[in-house]
């Protein structure tokens, strides 16, 4: 289900003229070497904002830790955690700034 939300959100953002990269790889730098640890950003908008998409009953601390980790690894400052499985969408959006 998350992939459908990802596709639709990408369409909406691109139709507004924004550059969006889906499933962008996020390497880990360890001892000066870039390693592929399997991390993928759901959406990277304008090379500056991370959007992590969920469709779960409730967001957990694990989901928050995931986006914070992505922000730290990418050295970006702004991210959104979006849960589409809520009665009102604004209840499912959380903003993270480092």
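The values are calculated or read from the model by the stated rules, or taken from the named source; none is laboratory data. Quick caveat, the model's predicted, so the values are computed rather than measured. Using ideal geometry, Cβ is built from the backbone for each residue, glycine included, and neighbour counts are taken over all protein chains shown.
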inquiry  = Whether any residue in the range 18-25 is in contact with a helix residue (DSSP H, G or I) (Cβ under 8 Å, 6 or more places away or on another chain) and within 17 Å of residue 96 (Cβ to Cβ) is what I want to check.
reply    = no
remark   = Given (1) at pLDDT 95 or above; (2) loosely packed, with under 14 Cβ neighbours inside 10 Å, residue 87 misses just (1)
query = On the given criteria, is residue 62 over 21 Å from residue 7 (Cα atoms) and at pLDDT 95 or above?
reply = yes
query = How many of the residues in the range 9-39 are loosely packed, with under 14 Cβ neighbours inside 10 Å, out of contact with any strand residue (DSSP E or B) (no Cβ under 6 Å at 6 or more places or on another chain) and outside any strand (DSSP E or B)?
reply = 10
key: the range 40-84 - residue that is in a loop (DSSP other than H, G, I, E, B) and in contact (Cβ under 8 Å) with a residue 40 or more places away in the chain and, of those, surrounded by the fewest Cβ atoms within 10 Å (Cβ to Cβ)   = 55
inquiry  = Return the residues of the range 85-94 that are free of Cβ contacts under 8 Å to residues at least 24 places away in the same chain and out of contact with any strand residue (DSSP E or B) (no Cβ under 6 Å at 6 or more places or on another chain); say none if nothing qualifies.
reply    = 86, 87, 88, 89, 90, 91
